[in-house]
Amino acid sequence: MKRYLILVFLLSLPAMAELPDAPMPQKTKHNHGLYGTWPTRGAFGASVTVRTIDTIQTCNNMHRGNFREDIAPARSCRGIILWNTGMVSAGIGSQWIFHRLGWHKLESIGHLVSAGGSTQGILYTHSHYKRD
């Protein structure tokens with residue numbers, strides 16, 4: 001074992017020789033662009049608008065007493081408001097993460113998914129529950 005370590009050390013001596021100077025890589029300044037371009041702002045506006053309509057509709061139906069929330073884990077109007085506020089906040093968080101990673105084409109995807117979920121809830125409520 002001792003001979004093997006000595007042999008490895010002797011064979012590694014040429015590798016320990018000084019290497020020629022290589023140029024240091026230049027740090028590039030990342031230009032992330034604007035945070036919140038017009039398409040992203042539009043998706044955010046759509047998300048907030050549709051979530052607000054969904055919240056008002058859900059709270060109104062819960063107040064009438066003939067309604068049961070199927071998707072959200074809340075059974076009160078306060079819980080629905082917090083749930084929808086959290087979902088909009090998750091859209092803002094995903095927008096910020098995608099912006100910082102430089103994936104600018106994906107910045108608005110969180111808001112669009114959020115708006116799609118609320119739109120599905122609005123349409124489901126209108127098709128399954130009678131209006132007075």
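Just so it is clear, none of the values below were taken in a lab; they were calculated from the coordinates. Given the structure is predicted, the values throughout are model-derived calculations rather than measurements. Glycine gets a Cβ as well: all are built from the backbone with ideal geometry, and neighbour counts include every protein chain shown.
Would you confirm whether or not the stretch 82-100 contains a residue that is more than 21 Å from residue 126 (Cα to Cα) and touching a Lys or Arg at 6+ places or on another chain (Cβ under 7 Å)?
Yes, there is a match, as at least one residue in the stretch 82-100 is more than 21 Å from residue 126 (Cα to Cα) and touching a Lys or Arg at 6+ places or on another chain (Cβ under 7 Å).
Say we look at the stretch 75-94 and pick out the residues that are of a type in the set (A, V, I, L, M, F, W, C) and closer than 17 Å to residue 53 by Cα; which of these is farthest from the chain's Cα centre (by Cα)?
Ranking the candidates gives 77 first.
When you look at residue 44, is it at negative phi, touching a residue at least 40 places away in the same chain (Cβ under 8 Å), surrounded by fewer than 17 Cβ atoms within 10 Å (Cβ to Cβ) and aromatic (Phe, Trp, Tyr), yes or no?
Answer is no for this residue.
For the stretch 73-84, indicate whether the set of residues that are among the β-branched types (Val, Ile, Thr) and in contact (Cβ under 8 Å) with a residue 24 or more places away in the chain is non-empty. Spell out how you get there, then give the answer.
So in the stretch 73-84, the residues among the β-branched types (Val, Ile, Thr) come out as 80-81.
Next cut, in contact (Cβ under 8 Å) with a residue 24 or more places away in the chain only: 80-81.
Within the stretch 73-84 (the criterion being among the β-branched types (Val, Ile, Thr) and in contact (Cβ under 8 Å) with a residue 24 or more places away in the chain), the answer is yes, since at least one residue qualifies.
For (1) in a helix (DSSP H, G or I); (2) surrounded by fewer than 18 Cβ atoms within 10 Å (Cβ to Cβ); (3) out of contact with any helix residue (DSSP H, G or I) (no Cβ under 6 Å at 6 or more places or on another chain); (4) among the small types (Gly, Ala, Ser), each residue gets a yes or a no:
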site	(1), (2), (3), (4)
54	yes, no, no, no
58	yes, no, no, no
67	no, yes, no, no
74	no, yes, no, yes
87	yes, no, no, no
93	yes, yes, yes, yes
